[in-house]
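The values are calculated or read from the model by the stated rules, or taken from the named source; none is laboratory data. Predicted model only: the values in this text are computed from it and were never measured. Glycine also receives a Cβ, built like all others from the backbone with ideal geometry; neighbour counts cover every protein chain displayed. To get the accessible areas, we keep the full protein, side chains included, count just its heavy atoms, and leave off ligands, DNA and RNA. Shrake-Rupley method; radii C 1.70, N 1.55, O 1.52, S 1.80 Å.
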Amino acid sequence: MPSPQLSQANTNTLTTNIFGERFLYHINRDSFRKISARAIFDAEFKAKLFDEDSLYIIIGTDSGLLPQYIQNQGIPIGTRYLFIEIPEVLQQLQQQGLIQALADEIICTTAECWEDEAKLFKLKEYCYLRHVYEHKAICAQQANLPEY
């Protein structure tokens with residue numbers, strides 16, 4: 001059942017900024033209005049998300065823009081990305097085509113299913129290497145939706 005906050009929001013509002021980036025307004029609000037998502041991600045994540053042989057667990061997808069950014073930057077050897085998203089948001093991203101054609105090293109899932117996906121991504125092996133890292137996407141940092 002959708003949360004009251006999410007069901008009350010206009011959850012189908014797809015916004016395109018002046019940089020041509022499409023995102024769900026209720027998730028990211030004005031985060032990418034004046035500055036491109038790429039510029040924000042470069043500042044926030046470029047030095048944090050691209051080590052080899054690492055597993056990154058990331059809360060939120062920033063309307064699918066963060067997984068696309070990672071894919072466009074190039075995935076380091078042996079590295080995988082597991083995005084945990086609110087179920088209703090994940091469904092919207094799929095319906096809007098915002099998380100299509102992602103590399104096999106990138107999975108978007110829900111909090112309910114993340115452990116199964118992490119096992120497929122060999123979480124134990126990454127833990128043994130001490131190369132498991134957790135980050136919050138911009139949407140989770142700002143928490144426009146309390147579910148983050």
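Under the condition of being among the polar types (S, T, N, Q) and on the phi < 0 side of the Ramachandran plot, which residue from the stretch 50-79 is nearest to the chain's Cα centre (by Cα)?
Among those residues, the one meeting the criterion is 61.
Looking at the stretch 31-71 only, could you name the residues that are closer than 18 Å to residue 93 by Cα and touching a His at 6+ places or on another chain (Cβ under 7 Å)? Reasoning before the result, please.
Residues of the stretch 31-71 closer than 18 Å to residue 93 by Cα: 31-32, 37, 58-71.
Selection gives 58 alone.
What are the residue pairs meeting all of these: first residue in the stretch 1-28, first residue outside any helix (DSSP H, G or I) and exposed (fewer than 10 other Cβ atoms within 10 Å of the Cβ), second residue of a type in the set (A, V, I, L, M) and at pLDDT below 90, Cβ atoms under 8 Å, and 6 or more apart or on different chains?
Matching pairs, first to second residue: none at all.
Select from the stretch 122-144 the residues that are in a loop (DSSP other than H, G, I, E, B) and either open to solvent by 90 Å² or more (accessible area, probe 1.4 Å) or in contact with a Leu (Cβ under 6 Å, 6 or more places away or on another chain) (or both) and list them in ascending order.
Residues satisfying the conditions are 122, 130, 137.
Take the residues in the stretch 31-72 that are in contact (Cβ under 8 Å) with a residue 24 or more places away in the chain, open to solvent by 50 Å² or more (accessible area, probe 1.4 Å) and among the charged types (D, E, K, R), then tell me which one is nearest to residue 148 (Cα to Cα).
The qualifying residue nearest to residue 148 (Cα to Cα) is 44.
Specify which of the listed residues (143, 118) is within 30 Å of residue 32 (Cα to Cα) and without any contact (Cβ under 8 Å) to a residue 40 or more places away in the chain.
Of 143, 118, the one residue that is within 30 Å of residue 32 (Cα to Cα) and without any contact (Cβ under 8 Å) to a residue 40 or more places away in the chain is 143.
Would you pick out the residues in the stretch 30-44 that are more than 15 Å from the chain's Cα centre (by Cα) and modelled with pLDDT under 95?
30, 33, 34, 35, 36 - these are the residues of the stretch 30-44 that are more than 15 Å from the chain's Cα centre (by Cα) and modelled with pLDDT under 95.
Any residue at all in the stretch 79-99 that is of a type in the set (Val, Ile, Thr) and open to solvent by 80 Å² or more (accessible area, probe 1.4 Å)?
no
Taking residue 85, is it in contact (Cβ under 8 Å) with a residue 12 or more places away in the chain and of a type outside the set (A, V, I, L, M)? So that I can check it myself, show each step before the final result.
Numbers: in contact (Cβ under 8 Å) with a residue 12 or more places away in the chain: yes; of a type outside the set (A, V, I, L, M): yes.
So residue 85 fits the description; yes.
Residues to consider are 47, 9; find the one that is within 29 Å of residue 127 (Cβ to Cβ), at pLDDT below 95 and over 16 Å from the mean Cα position of the chain (by Cα). Before you say what the answer is, go through the steps one by one.
Values: 9 fails: within 29 Å of residue 127 (Cβ to Cβ).
Step by step, each of 47, 9 is checked, and only 47 is within 29 Å of residue 127 (Cβ to Cβ), at pLDDT below 95 and over 16 Å from the mean Cα position of the chain (by Cα).
Looking only at the stretch 106-120, which residues are surrounded by fewer than 17 Cβ atoms within 10 Å (Cβ to Cβ) and either in contact with a Gly (Cβ under 7 Å, 6 or more places away or on another chain) or among the hydrophobic types (A, V, I, L, M, F, W, C) (or both)?
Correct list: 111, 113, 120.
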